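**Q** One structure, pasted below without further comment.
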Amino acid sequence: MPKGSDLLVRALENEGVERIFGIPGEENLDVVESLRRSSIELVLTRHEQAAAFMAATHGRLTGRPGVCLSTLGPGALNFSTGAAYAHLGAMPMIVITGQKGILSARQARFQIVDVIASMRPITKMARQIVSASSIPTLVRDAFRVAAEERPGPVLLELPEDIAAEEAEAHSVPSHPTDIPVAHPAAIARAAAMIRAARRPLVMLGAAASRPRSAGDIGGFVQRTGIPFFTTQMGKGTIGHGSQLYMGTAALSERDYVHEAIDAADLIIAIGHDTVEKPPFFMGQADQKVLHVGYSPAHVEEVYYPDAEVVGDLGPTLTLLADRLEGDLPEAGALLPMREPILARIMDRADEARFPVTPQRLVRDVRRVMPEDGIVCLDNGMYKIWFARNYRTALANTLLLDNALATMGAGLPSAMAAALLHPDRRVLAVCGDGGFMMNSQEMETAVRLKLNLVVLVLDDSAYGMIRWKQAVDRFPDYGMTFSNPDFVKYAESYGATGHRVAAVEDLEPTLEAAFRAGGVHLVAVPVDYSENTRVLVDELRARVKDRAPDPAA
């Protein structure tokens, strides 16, 4: 008769799970044995946080929940940052944790933490399994809840005595589920708003980049001819080579793309999720906002749309385009602003200064990455520069986190991408601070024989906070540190290390690393003085130049 752990693993196989990321403990040993006899690969990581980031990224890229496994107490709590990352970022994930036996208490309260209570605020559902026979049903429900809109993490806690309990239970079949299309009245109302607009502009947000929706969204934009911009997490939903692309709102205001945003009299916000930092601030008297989403809008101080269209994005936008195609003479009214905006954000991309500037860094990375290459960003100042300057052709080829915005996720997310797409170039871009938070996973990457390049930007500081400290005119204090020799550090894990010593060496070093295959770390010094020159002084001066003369 099968044990509870066998029923769990069979249920996971039934859901199509191919890998589980994590670090087991003694409370998971029955599960480990069941996994050994299964078709599922156990990907052992060096920290539970990295396992959660990898599982979340699997969900983000495939639309199917990734799975991570840990023991009780300290191991389970190490999942909390990854669970919050998936929860805010709408990434489907299943978190499986162990627990001491619940039918007896032979170890009293040793290592016991109320994991269910601690994880409930950062998961969609958190359940303890109390009967082996209930496992197939609970697993099916967990996968359903994790994947349905809005996607996110689900926790299942499996006590060791329930894992060892013998029971019979039938598998629960899965079936496809369709999201309802928006109501015809809402579509008609939206069509009327768009027809009445004289300067319409589409905004593509985080939910627009779901694997299920990107193609139909691109069809809507092309059929209507309305120009678009993206939020940070909406990048790539439509190729930025499109002649309708106006830019990415990497900041909330004052950037060059905001010239078009401010000029629009209607913003069609497709898939906007207010977990992202605001891509623009509402409040202009002559500007309306139309929310088109899988879910109703979350009304916030900075987001309160005038109308909503709620339903499955792809089919809903197809129906909306059917009403509008060929009937929007003002669709391209904002397009004359496109080239000046894009030209300004690429200013100084060819600059030969060393240490390398962010603009040159983004340019060189773009040159070595093919259209389907995947760049995974950790969190730091470079995230703004990549969001602003990096042009994408396909959805989910620039992975960044503008929701939890945690450090430490760049390397693990790139590892998950490399596992899923071994035939594509994958690059992790990390600041030295974020890299060192999960740098131990270099061993995991080498052990898994991944083809992966890790670009570490070396400024020996927590650069984003240091920059904001300077902008707010605080003294420079408490944000600097020393780094290891990154070349030797990479080599100690069995990877290949490189240090870029001249600006002209960055692109060929990255190209050579990709051609060689295996795991490579490329360390490059970065000059962040451009943060203040461009993102503060230049943009502030631009706004002053545009401001009306109060004496006029």
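Where a number appears in this text, it was derived from the coordinates with a stated rule and is not lab data. If you're wondering where the values come from, they're calculated on a predicted model, not measured in any experiment. Cβ placement follows ideal geometry from the backbone for every residue including glycine, while neighbour counts extend to all protein chains displayed.
**Q** Using Cβ contacts closer than 10 Å as the measure, can you line up Tyr294, Tyr489, Tyr477 from fewest to most? Walk me through the intermediate numbers first.
**A** Details: Tyr294 22, Tyr489 19, Tyr477 8.
Ascending Cβ contact count within 10 Å gives the list Tyr477, Tyr489, Tyr294.
**Q** Could you please rank Lys488, Lys449, Lys235, placing first whichever residue has the fewest other Cβ atoms within 10 Å of its Cβ? Intermediate values should be presented prior to the final figure.
**A** Working: Lys488 9, Lys449 12, Lys235 28.
Lowest to highest Cβ neighbour count: Lys488, Lys449, Lys235.
**Q** Roughly what % antiparallel, to the nearest 5, for the DSSP beta bridges in region 184-335? Could you put the intermediate results ahead of the total?
**A** On the way: 1 of 20 bridges.
Of all bridge pairs located within region 184-335, approximately 5 percent are antiparallel.
**Q** Under 19 Å between alpha carbons, and skipping anything fewer than 8 positions from Lys3 in its own chain: which lysines qualify?
**A** Lys100
**Q** Note down the net charge around His421, summing +1 for each Lys or Arg and -1 for each Asp or Glu among other residues with Cβ under 15 Å from its Cβ.
**A** Numbers: positive: Arg19, Arg60, Arg64, Arg424, Arg425, Lys449; negative: Glu18, Glu371, Asp372, Asp423.
Here the charged neighbours net out to +2.
**Q** Which peptide among 55-61, 23-29 comes first, and what is the full order, when sorted by highest mean count of other Cβ atoms within 10 Å? Write down the numbers at each step before the final one.
**A** On the way: 55-61: 28.6, 23-29: 19.6.
Ranking the peptides 55-61, 23-29 by packing returns 55-61, 23-29.
**Q** Continuing with the same structure: Provide the packing ranking of 63-69, 370-376, i.e. peptides ordered by the mean count of other C-beta atoms within 10 Å per residue, highest first. Walk me through the numbers on the way to the answer.
**A** Values: 63-69: 25.6, 370-376: 19.1.
Averaged packing, sorted descending, gives the order 63-69, 370-376.
**Q** If you don't mind, there's one more thing I want to ask. So, how do all the Cα-to-Cα distances of region 320-390 break down into 10 Å bins, in percent, from 0 on up?
**A** Pairs per bin, as whole percents: 16, 35, 24, 19, 6, 1.
**Q** Another one. Give me P(r) over region 4-164, computed from all C-alpha to C-alpha distances, binned every 5 Å, as integer percentages.
**A** Bins of 5 Å from zero give 2, 11, 21, 26, 23, 13, 4, 1, 0 percent of pairs.
**Q** Oh, and also: In whole Å, what is the distance between the alpha-carbon centres of region 115-177 and region 277-355?
**A** That distance is 38 Å.
**Q** Give me the mean projected area, in nm² to one decimal, of the convex hull enclosing the Cα positions of region 184-335.
**A** 7.7 nm²
**Q** Oh, and also: So, by mean Cβ neighbours within 10 angstrom, what's the order for 400-408, 41-49 with the highest one leading?
**A** Details: 400-408: 22.2, 41-49: 20.0.
Ranked from most to least packed, the peptides come out as 400-408, 41-49.
**Q** With a point put 7 Å past each Cα toward its Cβ, work out how far Thr480 is from Ser492 in nm, to one decimal.
**A** That separation, rounded to one decimal, is 2.4 nm.
**Q** Rounded, prolate or oblate: pick one for region 419-496, where a ≥ b ≥ c are the square roots of the eigenvalues of its C-alpha gyration tensor, a/c under 1.5 means rounded, and failing that, prolate if a/b is larger than b/c, else oblate. All intermediate terms of the calculation are to be shown ahead of the outcome.
**A** Values: a/c = 3.62, a/b = 2.10, b/c = 1.73.
Verdict is prolate for region 419-496.
**Q** Extension gain Ser252-Thr177, at 0.36 nm per residue separation less the Cα-Cα distance, in nm?
**A** Gain in length upon complete extension: 23.4 nm.
**Q** Also, quick follow-up: Taking the Cα centre of each part, how many Å lie between region 452-478 and region 201-250?
**A** Comparing the Cα centres of region 452-478 and region 201-250, I get a distance of 31 Å.
**Q** Additional query: Taking R0 as 56 Å, what FRET efficiency do you get between Gln222 and Glu538 from their Cβ-Cβ distance, rounded to the nearest 0.05? If you can, show how the numbers build up before the last one.
**A** Numbers: r = 33 Å, r/R0 = 0.59.
In this case the efficiency is close to 0.95.
**Q** How far apart, in nanometres, would the label points at Arg36 and Thr318 be if each is projected 7 angstrom from Cα along the Cα-to-Cβ direction?
**A** 4.9 nm
**Q** Let me ask something else about it. Over all directions, the average projected area of the alpha-carbon convex hull for the chain comes to how many nm²? All intermediate terms of the calculation are to be shown ahead of the outcome.
**A** Numbers: hull surface 109.7 nm².
Averaging across all directions leaves 27.4 nm² for the Cα convex hull.
**Q** With the crude spin-label approximation of a point 7 Å out along Cα→Cβ, what separation in nm comes out for Phe110 versus Asp327?
**A** Distance between label points: 7.3 nm.
**Q** Turning to a different aspect of this structure: Note down the net charge around Phe281, summing +1 for each Lys or Arg and -1 for each Asp or Glu among other residues with Cβ under 14 Å from its Cβ. Walk me through the numbers on the way to the answer.
**A** Details: positive: Arg254, Lys277; negative: Glu253, Asp255, Asp262, Glu276, Glu300, Glu301.
Overall, the nearby charge balance is -4.
**Q** If you place +1 on the Cβ of every Lys and Arg, -1 on the Cβ of every Asp and Glu, and leave all else neutral, what size is the dipole of the chain about its Cα centre, to the nearest 20 Debye?
**A** On the way: 55 positive and 68 negative charges, 76 e Å.
For this selection, approximately 360 debye.
**Q** Continuing with the same structure: Take the Cα gyration tensor of region 346-385, multiply each eigenvalue by 5, square-root it, and list the three semi-axes largest first, rounded to whole angstrom. Spell out each step's value before the answer.
**A** Values: eigenvalues 65, 39, 13 Å².
Equivalent ellipsoid of region 346-385: 18, 14, 8 Å, largest first.
**Q** For the pairs Lys124/Lys288; Lys449/Lys488; Lys468/Lys488, flag any whose C-alpha to C-alpha distance is greater than 28 Å.
**A** Numbers: Lys124/Lys288 32 Å; Lys449/Lys488 19 Å; Lys468/Lys488 32 Å.
Correct reply: Lys124/Lys288; Lys468/Lys488.
**Q** For Thr62, put the label point 7 Å out on the Cα→Cβ axis and report which residues of region 1-16 keep their amide N under 16 Å from it.
**A** Once the point is set 7 Å along Cα→Cβ of Thr62, 9-16 turn out to lie under 16 Å by backbone N, inside region 1-16.
**Q** Once the convex hull of the C-alpha atoms of region 346-536 is built, how many Å³ does it hold per residue, rounded to a whole number?
**A** Numbers: hull volume 21.5 nm³, N = 191.
It is 112 Å³ per residue.
**Q** Using the number of other C-beta atoms within 10 angstrom as an exposure proxy, rank Val139, Val503 with the fewest first. Provide the component values of the computation, followed by the final result.
**A** Numbers: Val139 26, Val503 20.
Starting with the residue having the fewest Cβ neighbours, the order is Val503, Val139.
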